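Structure record follows, encoded as structure tokens.
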Amino acid sequence: MTAVDGISFSIEAGESVAYVGPNGAGKSTTVKLLTGILVPSSGTVSVCGLTPFRDRVTNAKNISVVFGQRTQLWWDIPVVESFRLLGDIYEVGAADFQRSTAELTEVLELGDLLSVPARQLSLGQRMRCDLAAALIHSPRVLYLDEPTIGLDVAVKARFREFIRYLHRERGLTVVLTSHDLGDIEELCPRMMMIDRGRIIYDGALADLNQRFGWEKRVSVTLTAEVADAHLLALQALGSLPVRVEHRTDASFDIWFDSRIAKAGEILRSLPTSLPVADVAIEETGIEAIVRQLYEGQLSFAEPSEDPPSSGADRG
């Protein structure tokens, strides 16, 4: 079975790149190749000028990995002792260790946590300490694997802010794998998408909106329940290229291609018999675009010139 199939990409020093795809697409395999855990059956892999599986020790000093669900802290000893052990493992000099620890402690606000055993930390506290542990040896490349999973909004914001700080101040190269589109939008101007072992997109995250942001939604709320209201709307809008989806007997959504139809046309065509209370027009967000790409509803193939056909609720 082929895990990754002839993928090819390069990442410049100091870039921050999201590497995304559905489960089983080949993300973890790629990261294992980059870290030297796996040996490629063909082709070449180079990180900072090294072949990871041949130069494992040197490569390990250039990189670090943060897993959202795993820790590299020793469970029963104070956090600062884990830092010292990692400093010894990576052969960090005393002066460099002191400087790095001081910077990380200040920026991540770890002062009160250094003397606490890892097992007594909350998830948010542990993630801050894990991030510091990953950076003790000042790596050139940081791999982040679902780093904010399970974190609350405030801790996520602090985590993202610190990654941006590292990117700006240290020129750290960041490779992020995440299903959290907030992480991706906040941290990575560039996104690579892999599916079934092949890279299907490599470019600016903003370009996805330009390419696929044409789908818009009109959300209609009624003052009272009307049986089959969405079908009545579909019948009235039959001449327009729209898709109508049932939500409740008092609400439905109308999806349309803004390259072909206009919101004004749709609103004017709604049947006057429906007791409309509110109408909201929404743009397609990047999260919806990526979800539809995962689900195969959108394609990177050249778009068809034919307008989309209208249809009722898909289920």
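Working only within region 66-115, note down all residues that are surrounded by 12 or more Cβ atoms within 10 Å (Cβ to Cβ) and among the aromatic types (Phe, Trp, Tyr). Write out each step before concluding.
Going through region 66-115, the residues surrounded by 12 or more Cβ atoms within 10 Å (Cβ to Cβ) turn out to be 66-68, 71-74, 77-87, 89-90, 92, 96-101, 103-105, 107-110, 113-114.
Those that are surrounded by 12 or more Cβ atoms within 10 Å (Cβ to Cβ) and among the aromatic types (Phe, Trp, Tyr): Phe67, Trp74, Phe83, Tyr90, Phe97.
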### Task
State which residue pairs qualify: first residue assigned by TED's automatic domain parsing to the domain that holds Ile77 and surrounded by fewer than 21 Cβ atoms within 10 Å (Cβ to Cβ) and inside region 116-143, second residue acidic (Asp, Glu) and not in a helix (DSSP H, G or I) in any location, beta carbons under 7 Å apart, and separation of 6 or more residues or different chains.
Pro117/Asp76; Arg119/Asp76; Gly124/Asp152
### Query
Any idea which of (1) surrounded by fewer than 20 Cβ atoms within 10 Å (Cβ to Cβ); (2) over 30 Å from Leu181 (Cα atoms); (3) among the small types (Gly, Ala, Ser) is the one Ser46 doesn't satisfy?
(2)
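Of all the strands (runs of 3 or more DSSP E) wholly in region 185-266, which have at least 3 residues that are in contact with a His (Cβ under 9 Å, 6 or more places away or on another chain), at pLDDT 90 or above and not small (Gly, Ala, Ser)? Break it down into steps so the answer makes sense when it comes.
On the way: elements: 190-195, 198-204, 215-222, 242-248, 251-257.
Of the strands (runs of 3 or more DSSP E) lying wholly inside region 185-266, those with at least 3 residues that are in contact with a His (Cβ under 9 Å, 6 or more places away or on another chain), at pLDDT 90 or above and not small (Gly, Ala, Ser) span 242-248, 251-257.
Looking at region 208-226 only, could you name the residues that are within 16 Å of Val276 (Cβ to Cβ) and aliphatic (A, V, I, L, M)?
The initial filter retains those residues of region 208-226 that are within 16 Å of Val276 (Cβ to Cβ), namely 217-226.
Val218, Val220, Leu222, Ala224, Val226, listed by residue number.
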### Query
Out of (1) within 24 Å of Asp207 (Cβ to Cβ); (2) in a helix (DSSP H, G or I), the odd one out for Glu282 is which?
(2)
### Pair list, Cβ under 8 Å, 6 or more apart: region 41-62 residue at pLDDT 90 or above, other residue acidic (Asp, Glu) and not in a helix (DSSP H, G or I)
Lys61/Glu91
### Query
Is at least one residue of region 145-153 of a type outside the set (A, V, I, L, M), in contact with a helix residue (DSSP H, G or I) (Cβ under 7 Å, 6 or more places away or on another chain) and free of Cβ contacts under 8 Å to residues at least 60 places away in the same chain?
yes
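The values are calculated or read from the model by the stated rules, or taken from the named source; none is laboratory data. Bear in mind that the values here come from a model prediction, so they are computed numbers and not experimental data. Because the Cβ atoms are built from the backbone with ideal geometry, glycine has one as well, and the counts that use them run over all protein chains shown.
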